[in-house]
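Just below is one structure, and these are the notes that go with it.
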């Protein structure tokens, strides 16, 4: 198929320069004008992606050159982007930062793969003419990259803006499309893992509207649209994604804990389960009192520590969940979901009761325990993976797992090839039909993930005769 939807990629010279602020402002501003904006986030990110989805009013999809092949990225981008009138891709880290000295899998490489014009965000704090040198360096560092415009951030005053704009445009020929003045306070609420998730922030909608108004006033939106429209057509393999495969079984009910505690789910993962024949049953572990009939349960990551008091108070649901798991309910738990299965979460000097299904406590540290891309090798058969399976994903956790005396400690089934996992050596806790891990999986990089969960749900349905 030929894909020609207007598109831009928002990048920066480094992290923390303001690209998320610009991305959110553009997405909400255009959505307010009636445009269907399809947002994408480069790399393994849930929180920024959720904010982008909220700003655009459309799901935000991830494009990860480390976890996905170029063909997979192009097909996903074209299939999802063709449904919109504007595609916005937010990069991560610095423009040329990748996993090695060559900058492979960087935001720059992703923009070139998508044939996307680049808008470079530059933080002008305590700098003037040097900004032109930085912009020129970015331009000549990779001549194949289309840096189509620059947006300045943290501008002090009109003179500051004029001086930097003139020097950049004279030195590089790249137009400055906007200049965001220094704000008295950060409009994005921050917390220990970065931006506070939008669904935990009561002023999220108000903030997004304020950011949109700010960007509409201080950035040339007409030029942004013109830049996006200049993107050339690209060729993709398919106009639509084929089904995962023939559904394992109709009417499989897979529970998804989704609330303020558990919110880290790639939309592609949930779509993969649905394409395989599952009906997704969303459960609020904080307020929902009754567990519906399920054939499997998927608990994603999130912040169970910040919601630990409320989670521990919902004894009715916890007791029903514990009983179902002891009776063989298949459970795939990632990071925060894994913590919920344990005896206690320790946070800020307090100990909070969790499901007590596995005899582990999880103690929150002040700094990350595991952070970055992670690779696991499955060393023994698990409820969802066969021995020999190699899993690539990412981890970002502050918790340290501590095994306790008890019969339900389970066994660690995976060897850490890269990353930290439980202890730098092992991961993949198995107990009954549980697989608990710090590794976050993306369905587009591992089709066996959805297949394994669907098959296990089907087996459980047969065993219990729920269908």
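The values are calculated or read from the model by the stated rules, or taken from the named source; none is laboratory data. Because the structure is predicted, anything quoted here is derived from the model rather than measured. Note that we place each Cβ from the backbone using ideal geometry, even for glycine, and neighbour counts take in every protein chain shown.
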Residue within the stretch 439-459 that is surrounded by 20 or more Cβ atoms within 10 Å (Cβ to Cβ), more than 24 Å from the chain's Cα centre (by Cα), assigned by TED's automatic domain parsing to the domain that holds residue 369 and over 29 Å from residue 369 (Cβ atoms) present: yes
Exclusive hit being within 26 Å of residue 44 (Cβ to Cβ), outside any loop (DSSP other than H, G, I, E, B) and under 22 Å from the mean Cα position of the chain (by Cα), set 412, 391: 391
Complete set of residues in the stretch 52-75 that are over 19 Å from residue 3 (Cβ atoms) and assigned to a loop (DSSP other than H, G, I, E, B): 57, 64, 66, 67
Answer from 390, 429, 404 - the residue that is closer than 23 Å to residue 305 by Cα and surrounded by fewer than 17 Cβ atoms within 10 Å (Cβ to Cβ): 404
Sole residue being surrounded by fewer than 22 Cβ atoms within 10 Å (Cβ to Cβ) and not assigned by TED's automatic domain parsing to the domain that holds residue 301, chosen from 69, 23: 69
Looking only at the stretch 350-364, and only at residues there that are in contact with a helix residue (DSSP H, G or I) (Cβ under 7 Å, 6 or more places away or on another chain) and closer than 10 Å to residue 309 by Cα, the one that is surrounded by the fewest Cβ atoms within 10 Å (Cβ to Cβ): 353
Residues satisfying the stated conditions in the stretch 325-348, i.e. assigned to a helix (DSSP H, G or I) and either without any contact (Cβ under 8 Å) to a residue 12 or more places away in the chain or out of contact with any strand residue (DSSP E or B) (no Cβ under 9 Å at 6 or more places or on another chain) (or both): 326
Failed item, numbered, when residue 447 is tested on (1) modelled with pLDDT under 95; (2) touching a strand residue (DSSP E or B) at 6+ places or on another chain (Cβ under 7 Å): (2)
Residues of the stretch 197-215 that turn out to be more than 25 Å from the chain's Cα centre (by Cα) and surrounded by fewer than 18 Cβ atoms within 10 Å (Cβ to Cβ), as a count: 1
Check on residue 39, under 15 Å from the mean Cα position of the chain (by Cα), within 25 Å of residue 393 (Cβ to Cβ), part of a loop (DSSP other than H, G, I, E, B) and at pLDDT 95 or above: no
Flag for residue 363 being outside any strand (DSSP E or B), within 19 Å of residue 426 (Cβ to Cβ) and touching a residue at least 24 places away in the same chain (Cβ under 8 Å): no
The one condition in (1) in contact (Cβ under 8 Å) with a residue 12 or more places away in the chain; (2) within 30 Å of residue 418 (Cα to Cα) that residue 69 fails to fulfil: (1)
Identity of the residue in the stretch 197-208, assigned to a loop (DSSP other than H, G, I, E, B) and in contact with a helix residue (DSSP H, G or I) (Cβ under 8 Å, 6 or more places away or on another chain), that ends up modelled with the lowest pLDDT: 201
Condition broken by residue 6, with the remaining ones in (1) at pLDDT 95 or above; (2) more than 25 Å from residue 142 (Cβ to Cβ); (3) surrounded by fewer than 24 Cβ atoms within 10 Å (Cβ to Cβ) satisfied: (2)
Given (1) at pLDDT below 80; (2) more than 30 Å from residue 314 (Cα to Cα), number of the condition residue 211 does not satisfy: (1)
Selection count where residues are more than 30 Å from residue 115 (Cβ to Cβ) and out of contact with any helix residue (DSSP H, G or I) (no Cβ under 9 Å at 6 or more places or on another chain), scope the stretch 137-162: 8
